[in-house]
Every structure is written in C-alpha cells, then in structure tokens.
Amino acid sequence: MNNIKYHITILSLCIWYLYLCGVHKYRSNLFRKNHLFFIFLLLSSVSFSQQYTNYTTNDGLPSNHVYKMTQDEKGFLWIATDKGLVKYNGNTMKTFTTKDGLATNDVWEVFPTPDGKLWYLSKASKLGYIKNDRVYAFKSENEGEIFNPILSSQVGNDIFLTSSNSVHVLKEDKWKLLKNNHLGDSIPTKNYIKHPVVSSIKTTELLDSVFIHDQSSKIVKSFDFGDMLVQIHKRGQITDSLYYWVNDKQYAILNLNTLKLYKRNFKNEIGLDKSKHVRINLVNHEIQISGRGFVGVLDENFHIKNPYYIPKHLDAHFGFIDKTGSVWITTFTDGIYYLPIEKKNVKYCLTGERVTNIKEVNNKILANVFNKGFYRYDTSKNNFSLFIEEEDYLYNASYIKELDTEFYMSKRHIQLKEKNRIQRIVIQNKVSDVNDIARQIVFYKDYLYGSYSFGINKINPVNYKIEDEYEQSGINKLYLFNNRFLVGTSSGLKEFKEGVITPVLFGNQEMNKSILSITQLSNTELLLNTDGFGSYITDLKSLIPLPKSEFLIVNNAYVENNNIWLATEAGILKYLKTDDTFSLQMQIDKDNGLPSNSVNNLLVYHDKLLVSTNSGMAILPKNIHKTSQLLDVYIDTATYGNQDISNGNFRFPYKSNNNLNVTVSHIDFSNKNTDFTYNYKLTPLSKDWINTNSNNFSFYNLQPNTYTLYVEVNDIKKQLSFTILPLWWQKLWFKVLFVLVSVLIVVLISRYFVRQSQFKKTQKIFEDKRLSELQLKALRSQMNPHFVFNSLSAIQYYIGENNFETSELYLVKFSKLIRQFFELSKENEISLATEVSLLKNYLEIEKLRFKEKLSFEIDVDPKLDVENTKIPTMLLQPIVENAVNHGIFNKMENGLLSLNFIYIDKQIFKVEIIDDGVGFVNTHNQQSKDVKSSSVLKDRLHFLNHTNRWEISYNTKEVFPNKADKGNKSVFIIKKK
C-alpha cells in the first residue's frame, strides 16, 4: 500500500515537473538534458523499487538503525548501527558490542585501512580498530577526554580523529593531540593535513576564503570559498593528495600536489538541486560520493559517473558500491537494501501486472496484460503503453498476412485491425457472451481456423461465419509448418488433414506428452515445448530431447540465430548451437533480475531481452552474464589440540589423541549460496582432493610432521601450514638408535638360539644314529641265538632218531648258513640277491627238519636288479621263521610257504611272505610266549625308518579267513632313500 502511494506521488511530481519545464525556458541544453534525465530516473525508480533484498533484524542485524556501510580489503562488509558493529560475509553476521570491547554500541563511522584494520568511530572515551575479529580500544593521553570525531580523515593506514576543535592520532597505544584548533563560527579555522608540502588549510572567520599553508606556515594558495563554507556538512582528507568539502548542494576537491581546486554542484552532475547527508569516501580504491537519493563514483576529474538513483520511498541516507558493482543502501528505520549488479541493468515495466504473453505482431511488439489489454512496446522510450484496452483474460494476437489483418482475441471478444481500423467481429453462428470462436487463429487453404474449448472452427474469411467444426479437446497450439497443419494438444502432437485430426507418429509411436507451444527451429525442424517434460527437437520423423530441459515446464521458446531461449517455470534457459548440437549456456532467474522465475514468454529485440511474467515485464541486456559475487575464501578458525593456529603460532608439541579442527568460510553476497562446496586436502596425509559442502574439516591422531591444508573454490586457493613437533622418543636420532639397538639384540638372540638349536639338532642326530646302530646290532644278536637254537634242536632230533645221514646233511647246510650269517652280521644292508640266497639256505634246512611236511617256493620279479637292490640285513628271516615254526608247524597237513619279490619302481619293491598254516591268530592264542618277532620287528622298523635312509612299511593279514587253517600273508614295501 505504501508503494502504491509512493508511485502515485512520484508520477504526480513528474507531471508537475513537466508542466514547469513547459512554462520556463532553460538557459542551456545541458541544463535541460539534466532535468529530463532526472524525470526519467524518477519514472525508472518506480519499477526498480521491488528488486531489492532487504536485511533487517530478522536477518541478523542488531538494529534497523544503520549509519553507514563499507568494505574492507578482503571483501567483508562492515555495518555501523546504533546497537553494535556488524561484520558480514554474505552468509553470517558477526556483531561486535561492548561485550567484545567497544566503548559504546552506538558506532556511526567506519574506516577500513590497507593493513587489515577496521577503525570504528563514535562519541566515546575509547576508540580504536578491529583486527582478526579482536577489538582494540585506546584512550586519550588526556585522562577522561571524550572524543567526538565528526570530521575525521583517513590517509593510508593512519586515522585522524578530527572534531570541531582538535585532531588526534594514535601513537604508542594512546590518542595523542596533534592540533588544538581555534574556533570560528561553528567551524575550525585550521585543519591538519598529512602531506609533505601542505601542512594545513586555514579558514577565515568570515567563512569566505581558505588559505593553504606549507610546512613553514606560509600561505601558498587561497580560494574564494564563501558559497561552500556557509553550509558545510563534511570535510576531510581522503587520500595522501586529496582534501574535500561537501554540503547539501555541492562539493569541492583540492589536489594537494597541484593545489588545483575542483568545484562541482549536484544539479549539473546528477540533476538534483540538493541532497542531505552527503559524504565522500574512499572505498575499494575509488572515491565514492553518496547522499540521500543517490550514490556514485568520481572520475579522474571528480565528476560523478554512472550514478545510481535510490528510490525515495526507501528513505535511505547512504549508499555505496561494492567490489562487484552491486549497491548497498542504509536506512535509519528499515535496515539495509541490497541490489546486485545484474539488477542494476534491468528495466522493469508493467510492474506487478500479470503479463501472459509477449510477441511480435505485424512489426509491433505486443504484451498481453491480464484485465488491462494489449500493450505496445515503444522502442524509443523503452517502455510499454496501452494499445487495445480489454478488461478480461487475453488469448492471443495474430497477423494473417494473406488477409493483411490483425486479430486480437480475448475471453469475450475477437477484434480485428485492418486498414488502421479496429472493429469487433460479430459472428451469427454463436449466441454467447463468451468467445468460443477462436482463441488463436491460422490461415490454411483459403480459410481461417480457430481453436476453441472443444476443437477447431473453420471460419469464412469474408464474413467470419463458422462453416464447420472439428472436435478435439485440449488444444494448446495451432501451427502451420511446410504446408502441414499441426495441432499441439494436452495429449501430444496431432495433424489436421482433410477434416480429420490424427496423431503424428514418430517411428510408429505417438507422442503423448502435453505440448504447450511450438517454435520453428529451422526450415526442417521444430521445437516442441511440453508441460513438465522439457523441449524436443523434431523433423516430424524423430524426437531429440533438448539437453538439460528434462522435466521442465516450457511455456514458450524464442529462436535467434544459433540461440534458443526457453521460457520456463525455472527462469530462462539459453542454449547455444555448436557443431549441430545445442548445449545449455546459462540460466537466467530472479538473481539476474527477473521479476519471477515463472516466465510466460520472451522475445529478443536488438540487444534487449523482453521477458513477460506474472509479476510484470523485465527488459534485460541480451548479453547478460552472471557476475560472481564470490570475493574470497578464508580459514576462519584452525586449532590443534585446542590451540589456535596462526602465522605466529604454528609449531606444536605432539599430543596423544590429538585432533585438528578447521572452519572455512567464504565471502559471497549472491542470493544463491546454499549449495556452496569446498575442495580440500591435507598433505602429506592425503593426495586426492575431497569435495564437501561442509565448512568444518577435522583430522584425528596426526603424527609428528609438517602439514599443509589446501582449500580451493573455483580460482581461489588458500593454504595453512603447521608443524607437529615430535617428543624426544619420536625424534629421528632416537628412532635410528632404537632400530640399531633392536637389530643388534635380535641378531645376538637369533645367533644364540640358532647355535643352541644347531647343537641340539646335531647332538640328537648323532644320538639317534648311534642308538639306531646299537638297536640294530642288538636285534641281530637277539635273532642269531634263536635261529641257532632251532637248528641245533633239529640236528639233535635226527641224532636221537639214529638218522645220521640226515643229521650230517643238515649239519653241513647249517654250518654253511652259520658261516654266511656271521659274514653278513657285520653289514647293515645287503643285496637282494644275497638275501634271497640266505633265505633259500634257511628254508632248505627247515625242510630237512620238517621232512616232506614243508614245501616252499621263491619267485623273484625279473625286473628287479637283485645285485644292486639293497635290503636291511636279516629283515625278512624272522618273519619267514615265524611262518615255518608257528604257521606250518602247527598244521596237521603239509604246508606251503611262498616268497614273492615284486618290482614297483627303481627305488621301491614289495616282498610277500605267504603261508597256508594255522594263521597268526590261532598261533597267538596257543603259543603267545613263542611269538615275539612281531614286537621285535616293530622296534627294528622304527629305528630303520628313523635313520632317514629307509622307508619301510609292513602289514599282515589272514589268507583264508573262513577256513580252519587261515594262513597268513605278510607284506613289506621297501624304499631305499
């Protein structure tokens, strides 16, 4: 409501001003030009008024009463209020108050200096600066003095607290008095200057002249200055070579090097008679001037260039332009207003109106304004004016070249313009107060065709009578292309042909997506714009989705050369054609100055982009581009083990369970900064970059080393280095010494255990070898008496039977066997041929003893090399003896003993000892005391295998388990290693 009243007031003032301009004649063309420019700016301010971002206490300001703003070297904004001093980075507002060290919260002046300090001024007993978020406050050398630095100056890194009667400078943590000025009529008579030649500027008590004094207090220059000094508002030195004066109507700047004075008035510079609260400041290395209603920059001749006019309804008293060219405006009641640089170059028309369409009709650019009518664009005035009034919903405007007629269609009427005469069409076929004849219209095969709620009407172009109707619901667009009548509907693309509406097939398939509009792309291609599925390029044979338009509501499109401009619910999408392919170049939305992201239509006219929305029209530069508001990325806080890391504190002793915590921030004043991401890595801990949208980085259990944290955002790179110092036991010399000592100890221990192990191993081998040999000899000595006893018993038997011939034969064979046995008993192993011979002699003796009761057979595999194959001495004889004496001897019938020597491979052979006696089980049960060879054999085999020269296995089993005489089979598998 306040905006409406303000607009009416502004327009009234403009009309009144035009009247005055008509009555009075101006003396110069320049004067007339400035006044007309002023009127234009007043009109423009109406459309600009709704494009600001307003920051208040709801956004973090401590108060809506804001005195001044500035920007420091790094890009931070500083906001002086009556309730504290605010530092703003585009994301968060940090407020400094008396709690942080300020003498008072009412801060009304701020100066950033190149050395990174932000000086704050107010009426207080202590003043100073903020550096690295720490407040420094200093008193005057005169105890109890209260400063009132209303005319203070900044020269480089020095601040001069200047009041109406004194000048102070900070030295040795005290504000020291430089000059005590003599008072004239409310202004000092002498002003201190920091300059190698000029020492001061003296003012006469009559306030009509100023005198420039050199270092020897001589007058080197004087000026007539009465018109300036009478109403002076501010003055001071702004650089090492410039001094200024300013009041409500004019300003003057003195070059201290050349002693040349420049006088300028606001009427000639910006078309304003006067302005209150005017101040001149050095901001971002340029001189800015600001007052109620404007802000601008001074050029090299101190003229105001590119002024920005602040709308009066904002009731602003100060403004400044930041590093990116954006405008910040302060008020005493409503906080801060912000206008990004993109919006400065945007022209707004029909503000607040629902502009449903914009198009070119018969060389006229027309905008459809809901409930107002069709507005025509005035290219000379860059504005819109009413063309056809229509207080209803507007459908469309079309020009039919064949009839040289313009048609204007709304919800209730159809109006046509021919021969510069506008008239309404009266259609006799329809009796209704609602236009259901044509919402849009085309000329096809000598007839007009118009879409309506339920289909298409065929209209006579002479009398405008409806001659036929064709049913089709949901029609959004009628379009003629290459002699084809296309119909865009809510159920896809269709074609009207010979009175029939049929779907257009793309590869034997229909397109069933809702088509909102159709735009010609080339002589062979169209752009189909859909409701929620983006845009498609088609030659009416195939469909190609326009990249990155998926799932967008595309209301309309405009094609210009190699560019496609889409009007969507998410703003404007601009595409560029390269190598027959369209790629998304940029997206234009509210951040670029659109009144709304919901765009109904757009049109390119010369170097302008005309955009219609439900919140009015916007006229943007066609080559609009996004200016990055990202000024800097910085490490806000960094701690190691709860100790701050800084340039002077970056070496820390190692702590167990340590952690590194880093908080990173950025200076970015764009409205869209919610998806901000950082790339970072900590070397040498990691080599790969990590991307995150969190601004807090943490690292745990860092070992002693020198680390560097790298942070990158776009082209901005920051780094932080620090060192974790090792404890004495973590230092290199200790580690080397520890390793050497450890290696020495390990070597000594290893050698000791190796020697011990080798000694034990050698001793064990020796003992085992000796024991084996002794055991073998003992076993052989056990078996020899046994064999001899049996043989002598047999001889005794024959002598007792008076069978001397047999006993003599037996004795000869026995003596031969004994001699052979004694010869072989010295050997640990013999050839297989010798073993076979020994066994044969033994069995022949046993056969004599048993007469015909014993038969034997020996079978040697011809593959066996009996001369070179070895076998342990007397290995088989005990088993053969058992088979004779315990198996066959106890059998009632005659018995057979078979010895089989079988070849397996060059190193292995098998021996089978088979008898058909009573069997081992029966023998064991009846004569357990006499069968001891099995345990002896077991022991012997154990020791033989233990020598690692033999690998011998032995097993026995019954031959005839189901008979009384079960028999026995003993098997040896012998391998010589």
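Of all residue pairs spaced 6 or more apart or on separate chains, those with beta-carbon atoms under 7 Å, a first member in the range 563-583 that is in the same structural domain as residue 522 (by TED's automatic domain parsing) and a second member that is among the basic types (Lys, Arg) are 563/574; 565/574. So which of 106, 115 ends up being modelled with pLDDT under 95 and among the acidic types (Asp, Glu)? Of the residues listed, the single one that is modelled with pLDDT under 95 and among the acidic types (Asp, Glu) is 115. Within the range 637-672, the set of residues being modelled with pLDDT of 90 or more and in contact with a Ser or Thr (Cβ under 6 Å, 6 or more places away or on another chain) comprises 637, 661, 663. Scan the range 114-135 for residues that are out of contact with any Leu (no Cβ under 9 Å at 6 or more places or on another chain) and surrounded by fewer than 17 Cβ atoms within 10 Å (Cβ to Cβ) and jot them down. Listed by number, the residues that qualify are 114, 115, 116, 123, 125, 132, 133, 134.
Please specify each residue of the range 95-124 satisfying the condition of being of a type outside the set (Asp, Glu) and under 19 Å from residue 332 (Cβ atoms). Scanning the range 95-124 gives 95, 104, 105, 107, 108, 110, 120, 121, 122, 123.
Table: residues versus (1) within 24 Å of residue 668 (Cα to Cα); (2) under 27 Å from the mean Cα position of the chain (by Cα); (3) of a type in the set (Phe, Trp, Tyr); (4) not in a strand (DSSP E or B).
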| site | (1), (2), (3), (4) |
| --- | --- |
| 688 | no, yes, no, yes |
| 719 | yes, yes, no, no |
| 722 | no, yes, yes, no |
| 734 | no, no, yes, yes |
| 740 | no, no, no, yes |
| 747 | no, no, no, yes |
| 752 | no, no, yes, yes |
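Considering only residues in the range 470-496 that are in a strand (DSSP E or B) and among the small types (Gly, Ala, Ser), the one that is nearest to residue 440 (Cα to Cα) turns out to be 488.
The set of residues in the range 51-94 being within 16 Å of residue 332 (Cα to Cα), surrounded by fewer than 19 Cβ atoms within 10 Å (Cβ to Cβ) and of a type in the set (A, V, I, L, M) is empty. Against the list (1) surrounded by fewer than 23 Cβ atoms within 10 Å (Cβ to Cβ); (2) over 30 Å from residue 507 (Cα atoms); (3) not aromatic (Phe, Trp, Tyr), the condition residue 574 fails is (2). Summed over the range 818-835, residues that are in contact with a Ser or Thr (Cβ under 6 Å, 6 or more places away or on another chain), at pLDDT below 90 and in a helix (DSSP H, G or I) total 1.
Contact map, the range 130-153: residues that are farther than 12 Å from residue 96 by Cβ paired with residues that are among the small types (Gly, Ala, Ser) and surrounded by 19 or more Cβ atoms within 10 Å (Cβ to Cβ), Cβ distance under 6 Å, separation 6+ or inter-chain. Pairs shown: 138/128; 151/236; 153/236. All of 366, 416, 386 fail the test of being modelled with pLDDT under 95 and among the aliphatic types (A, V, I, L, M), apart from 416. Screening the range 553-571 for residues that are surrounded by fewer than 21 Cβ atoms within 10 Å (Cβ to Cβ), among the hydrophobic types (A, V, I, L, M, F, W, C) and in a strand (DSSP E or B) and picking the one that is nearest to the chain's Cα centre (by Cα) gives 553.
The values are calculated or read from the model by the stated rules, or taken from the named source; none is laboratory data. Quantities reported herein were computed from a predicted structural model and do not represent experimental measurements. Cβ atoms come from the backbone with ideal geometry, glycine included; neighbour counts cover every protein chain shown.
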